[in-house]
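Presented below is the structure to which this report refers.
The values are calculated or read from the model by the stated rules, or taken from the named source; none is laboratory data. Computed from a prediction, not measured in an experiment: that's the story for all the values here. Cβ coordinates were reconstructed from backbone atoms using ideal geometry, including for glycine residues, and neighbour counts include every protein chain displayed. Areas reflect the complete protein model, heavy atoms only, side chains present, ligands, DNA and RNA absent. Shrake-Rupley method; radii C 1.70, N 1.55, O 1.52, S 1.80 Å.
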Amino acid sequence: MTIPTDIGASFRVRAPEVYERGRSHVTKIEARLGASLVAPSVATFKLLSPTGSTVSTASVTITGSVATATVSAGDLPDTLSFGPGYVEEWTLTIAGVAQIARKDAWLARRALHCPVTQADLEQLHPALGASVRSGSNSVQSQIDSVWADTLGSLYAAGQWPARILEPSTLARYVRNRALAAVFRSFMVGNAQPGSNNGELAAYYDGEADRAWGAIQYLADDDQDGVADSDERGGPGGPIARSLPPDWTGRRFTYRSRVL
């Protein structure tokens with residue numbers, strides 16, 4: 001059985017790990033049980049290609065109870081194919097038993113980074129940080145969670161995130177969804193009498209839903225660093241005058257809606 005309590009840990013996988021071809025990459029994995037980190041006594045790492053061959057067997061260090069590996073730029077040459085389907089395989093010894101944890105990974109020309117910061121949220125709600133009642137003034141955890149979910153939602157909608165050349169087109173959606181997450185967190189435990197946190201959370205969820213439907217961006221399917229055309233598409237279904245490249249050979253099929 002792989003019940004966390006039975007094996008001594010859960011392995012945290014928030015989003016696929018995104019490697020950039022030809023650039024060294026630091027990756028890590030956390031083992032947790034309850035609210036605590038669980039430190040493995042021994043750990044090994046390897047990165048597998050979509051065909052199952054070994055791309056890298058980087059050494060692992062355990063610092064602050066977290067296992068970390070560095071894949072060198074030389075292990076990510078231009079002979080590797082772009083796309084999803086790569087797998088990190090970690091062997092972590094916990095309480096004397098070796099457990100194999102896997103994390104899905106992508107190889108891209110350039111990773112897509114979150115376009116939203118706490119400063120963007122505070123432009124709309126200046127007292128946001130001061131309202132956090134956990135002894136911190138940061139809402140970064142909510143932004144992180146929303147961004148991880150955004151990557152997953154794009155992929156589920158048939159949009160490989162690394163193809164997006166205009167991260168700014170995602171900013172309105174991520175900002176609204178993050179604000180909804182923040183105000184929802186304010187509702188738990190320490191809700192103040194007369195607060196409208198629930199209404200604000202619902203409002204920003206609605207704004208995020210509308211923003212998602214309006215996302216349109218230039219795309220780079222062949223990963224050469226420039227837009228394939230001047231046509232824009234989005235998670236609601238790309239709009240194009242011709243079909244973009246078929247990713248079927250990369251274990252990923254890119255679908256389009258043709259005018």
Lys, Arg +1 and Asp, Glu -1 on Cβ, resulting dipole of region 48-169 about Cα centre, debye, nearest 20: 80 debye
Förster radius 30 Å - calculated FRET efficiency between VAL26 and GLU122, Cβ distance, rounded to 0.05: 0.55
Dipole axis of the chain (+1 Lys, Arg; -1 Asp, Glu on Cβ), positive-most option in LEU33, GLY52, GLN142: LEU33
Amide H within-cut-off set for VAL55, under 5 Å, with H built and near neighbours excluded: LEU47, LEU48, SER49
Share of carbon and sulfur in the accessible heavy-atom surface of the chain [1.4 Å probe, %]: 51 percent
Cβ-derived FRET efficiency at R0 30 Å, ILE62 paired with ALA111, nearest 0.05: 0.75
Extension gain from THR79 to ASP209, taking 0.36 nm per residue of separation minus the Cα-Cα distance: 42.8 nm
10 °C / 1.306 mPa s Stokes-Einstein diffusion coefficient of the chain, Kirkwood radius on C-alpha pairs, µm²/s: 78 µm²/s
Computed over region 37-137, Kirkwood Rh from alpha-carbon pairs, angstrom: 16.7 Å
Computed helical MRE - 222 nm, the chain, DSSP H runs ≥ 4 contributing -39500 (n - 2.57), nearest 500: -7500 deg cm²/dmol
Accessible-area order (highest first, 1.4 angstrom probe) of the listed residues LEU80, LEU37: LEU37, LEU80
Paramagnetic reach from LEU33 (point 7 Å along Cα→Cβ, amide N under 13 Å) across region 57-89: none
